[in-house]
1. When you look at the Cβ of every residue in B:196-203, what mean number of other chain Cβ atoms sits within 10 Å?
2. Would you grab the residues whose amide H sits under 5 Å from the one on A:Leu60? Only those 5+ places off in sequence or on another chain, please, with H modelled 1.01 Å from N.
3. Taking Cα centroids, how far is region A:163-206 from region B:176-238 in Å?
4. Using the Cα atoms of chain B to build a convex hull, what is its mean projected area in square nanometres?
5. With all distinct Cα pairs included, what does the Kirkwood hydrodynamic radius of the protein assembly as shown come out to in Å, to one decimal, could you say?
6. Okay, helix-only estimate at 222 nm for chain B: each DSSP H run of n ≥ 4 adds -39500 (n - 2.57), divide by all residues, round to 500 deg cm²/dmol; what do you get?
7. Which of the pairs A:Lys224/A:Lys289; A:Lys111/A:Lys224; A:Lys49/A:Lys224; A:Lys234/A:Lys263; A:Lys138/A:Lys170 have their Cα atoms more than 28 Å apart in this structure?
8. Mind checking region B:177-231 for trypsin sites (Lys or Arg not before Pro) that DSSP puts in a loop (not H, G, I, E or B) and that have at most 14 other Cβ atoms within 10 Å?
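The values are calculated or read from the model by the stated rules, or taken from the named source; none is laboratory data. Quick caveat: nothing in here was measured; it's all calculated off a predicted structure. All Cβ positions, even for glycine, are placed from backbone atoms using ideal geometry, and neighbour counts span all protein chains on display. The accessibility values were calculated without ligands, DNA or RNA, using every heavy atom of the protein model including side chains. Shrake-Rupley method; radii C 1.70, N 1.55, O 1.52, S 1.80 Å.
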Amino acid sequence: MPAKETFYDVMRKHGITRRSFLKFCSLTAAGLGLGPEFAGKLAHALENKPRTPVIWLHGLECTCCSESFIRSGNPLAGDVILSMISLDYSDTLMAAAGYQAEELLEQTIEKYDGEYILACEGNPPLNEDGMYCIQGGKPYVEKLRHMADHCKAIIAWGSCASWGCVQAAKPNPTQATPIHKVILDKPIVKVPGCPPIAEVMTGVITYMVAFDRLPPLDRQGRPKMFYGQRLHDKCYRRPHFDAGQFVEAFDDEGARKGYCLYKVGCKGPTTYNACSTIEWNGGLSWPVKSGHGCLGCAEDNFWDKGSFYSAVTNLKVAGNVEANAEKVGGTLAAAAAIGVAAHAAGTVISKATGKRSKQAEEVNNG
Amino acid sequence: MASSGVAASNDEYTGSLYVFEAPVRVWHWVHALTLTVLAITGYFIANPLPSQTGEASDSFLMGNIRLVHFSAAMVFAVGLVLRLYWAIVGNRYARGMLTPPFWERVYWRRMWHEIKMYLFLTRKVAKYRGHNPLAMMFMWLFNLWLAIFMICTGFALYSQGAGADSWADTLFGWVFLIEPSSQAVRMWHYVGMWVMVAFAIVHIYMVIRADVMSRQNGISAMIDGYRRFKDDGPRSPQ
């Protein structure tokens, strides 16, 4: 492939018409929250800039990120981005396999050293020198480190790469570790969610390849345009929360009326994601819309917080002992009350015996 | 300075003595009131009341509970800041909450006596002008550090609703760098409430007990500020 190939060239090669290309540009600009003039800028960038290759690696994961990605609600965006990234390396999507596939990685490093984007789905297990995830005969963590050494930036797809997710759940026998704790010297964009929303994924990747920089990130490294607010802040059931109207059980009147799901464990109030605005599968639905609370799948450690169906969740008490925060706190207060009562009783007894011994003393001395 | 009064003569342990200045007393009762309001509203934020009926537009129950919680929290936080200011400019008894004299041997000797007394290992009772060493330690742990913990986690949670460019996020957003899971911050804030309730129970008990059993007054000192000694005997345990 010629080194000066642009994104537009690649898209045209894949049979995407100019009309579709422009549509994609305006949709993506809108999705990123950019003004109308950015559709033209996006198109210009994609037409003139040399294509940035994307290497898509898979560690310990379930491929739900890829599954979400290829089901982008807007098929156009999916097709376009897909044709852009499948050219390089993506175990699941590319045609090549075996030695041919692994060779592509080295070729990319040679041609685009320090220029390509490394998209990581899943995370590396570090225990036993990374032996819990072997690719091409080598631990995945080595492959990840090797590819990260030569990349420009990293996208951490999904909760696995961002936080660790279920394979990092206690006791985490394989020591599955999120990307930002393994690769310390490259800029990392976290795109958490299990999986992330397809439009969020295509939006982030388009922003990075078109504008040649990271999207604005929040304190925890997530793109602000998609993770700037909690689900709860934009939830269409929020008025029911403020009114104090809750679903108490999944088959009650409140559930039929579409009341707030907070009391049956919805984690919307503590979850940063775009589900309540972009929704899923092209705006078809999302968890709360379907009548089930949010699990908080885009949040750190959501897998180790006890029941998904309780508003008050678990806390680590000591060591590996966990208990519901409600029980821990209630027990503590009850213990204080009982302790106080016992001490009061002790005081009364002490006073009584004290008097008696004093009297005895007086009798003896007298 | 922050001495625990080793050199003080017995004269200072007889009759009555002005100990708790007005700002300290006002703060104490504001603190107690806001804590009560915060604990009750906080409990109902974590465990909402039974579902309201009727149209959502007719009710704003949860919204009001949160409003009261946030308002009380602001008073609580500002109150603590003013109290800490008073710990610097106020009298020596106001300073105990900020800096108990941990570096003084006599503090620990008296602490040891207090512990023995509460464990019924001795019946001797000492006199104190301000707080006894054990009480001072509890004030320091709960009214200073636990209160700061609750303020930091509380405003961090508040910043989630207030938005990424709010003052709350600027000042307290760092909490999520220490604990990225906001659900966990929420739970620690909730557990902190229960710890505070436990402290309040023990505190109220201790004060009433001291009022009855000790050689000085308890409750009334926080009302008019005067420490009154019940006997003219020496300060040391007897």
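1. Average neighbour count from other chains, rounded to a whole number: 5.
2. A:Asn123
3. 45 Å
4. 15.9 nm²
5. 28.4 Å
6. -19000 deg cm²/dmol
7. Flagged as over cut-off: A:Lys111/A:Lys224.
8. Answer by residue number: B:Lys230.
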